[in-house]
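Below is one structure, written out as structure tokens; comments come after it.
The values are calculated or read from the model by the stated rules, or taken from the named source; none is laboratory data. Since the structure is predicted, the reported quantities are computational estimates derived from the model, not experimental observations. Note that each Cβ is placed from the backbone with ideal geometry, even for glycine, and that neighbours are counted across all protein chains shown. The protein model used for the area step is the full one, side chains on, heavy atoms only, and it has no ligands, DNA or RNA in it. Shrake-Rupley method; radii C 1.70, N 1.55, O 1.52, S 1.80 Å.
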Amino acid sequence: MSSNNIQADYFLDCKGLACPMPIVKTKRAMRELNAGQVMEIQATDKGSLADFQSWAQNTGHQYLGTLQKGDVMHHYLRKAYPAEVEIEPLLPSTISHEELQTKLSGKQNILLLDVREPAEFALKHIPGSKLIPLGELENRLDELNLDEEIAVICQAGGRSERACQLLAAKGANNVKSVLLGISEWTGETKGSQSL
């Protein structure tokens with residue numbers, strides 16, 4: 001993909017922001033665009049590629065592609081016409097930190113799936129969680145038992161919601177997004193940033 005082929009109508013700077021802020025800012029900015037206009041979003045969050053692809057697929061806006069220049073990713077999205085836009089589905093189920101802590105400490109049969117990037121996981125994660133980054137999830141479904149209860153966690157809740165939507169669409173019937181993600185988790189953690 002060549003940037004010479006893409007003429008952006010709107011530029012959004014999301015450098016230095018972590019999930020879910022690039023998507024939050026993009027949603028707001030997208031409201032200001034006219035249908036058919038193209039937005040360029042610059043981001044440094046490695047998870048933003050999967051975030052934008054998934055968000056575009058779920059809303060009907062068109063993901064045009066991403067160019068990487070050094071540490072900065074240039075994402076291009078085209079605003080859909082009203083007939084193309086889908087209502088973003090509401091997540092059927094969530095789980096609070098307290099509920100998750102109870103299930104984990106009670107050794108209940110629950111899989112804690114972390115959908116962040118490996119670098120984020122290395123910094124801080126909940127012991128016993130399984131890492132499958134959101135961008136790899138669809139290709140690694142065979143590593144999961146979709147019949148068991150699955151709690152999905154990310155940094156703040158945005159990626160975990162998209163992962164839950166994907167898992168539900170693939171047949172998981174007891175999948176929950178961990179509210180507020182690991183950023184607000186006060187239970188035990190491992191990794192280089194853990195206390």
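Summary of values
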item	result
Local net charge near TYR10, Cβ-Cβ under 15 Å (Lys/Arg +1, Asp/Glu -1)	+2
Pairwise label distance in nanometres, GLU136 with VAL72, each label 7 Å out on the Cα-Cβ vector	2.9
Within region 1-59: Cβ-based charge dipole about Cα centre, in debye rounded to nearest 20 (Lys, Arg +1; Asp, Glu -1)	160
Contour excess over end-to-end distance, with Cα ends at GLN62 and LYS25 and 0.36 nm allotted per residue	11.6 nm
Chain lengthening between PHE11 and LEU33 when straightened (0.36 nm per residue, less Cα-Cα)	6.8 nm
Residue range of the chain that is longest and free of GluC sites (Glu not before Pro) which are both DSSP loop and sparsely packed (at most 14 other C-beta within 10 Å)	87-147
DSSP beta bridges in the chain [antiparallel fraction, %, rounded to 5]	45
Heavy-atom accessible area order for PHE11, PHE52, largest first, 1.4 Å probe	PHE11, PHE52
Helix runs (DSSP H) in the chain reaching 30 Å along axis by Cα, Kyte-Doolittle at least 1.6	none
For the chain, the longest site-free run once trypsin sites (Lys or Arg not before Pro) in DSSP loop states with at most 11 other Cβ atoms within 10 Å are removed	108-195
Solvent-accessible area per residue, Å², over the chain with all protein chains present [probe radius 1.4 Å]	52
Fraction of accessible area attributable to carbon and sulfur, the chain (%, probe 1.4 Å)	48
Candidate aspartates and glutamates - alpha carbon under 19 Å from LYS190, same-chain residues fewer than 8 apart omitted	GLU98, ASP114, GLU117, GLU120
Cβ-based charge dipole, the chain, positive-most Cα from PRO127, ILE41, ASN109	ILE41
Probe 1.4 Å - accessible area at THR66, Å² to nearest ten	40
Counted charge near LYS46, where neighbours are those whose Cβ lies closer than 12 Å (Asp, Glu -1; Lys, Arg +1)	-3
Gained length - GLU184 relative to TYR81, 0.36 nm times residue gap less alpha-carbon distance	33.4 nm
Neighbour net charge for GLU120 - beta-carbon separation under 9 angstrom, K R +1, D E -1	+1
Label zone at ASN109, where the point sits 7 Å out along the Cα-to-Cβ direction: region 151-171 residues whose backbone N lies under 19 Å	151-152, 171
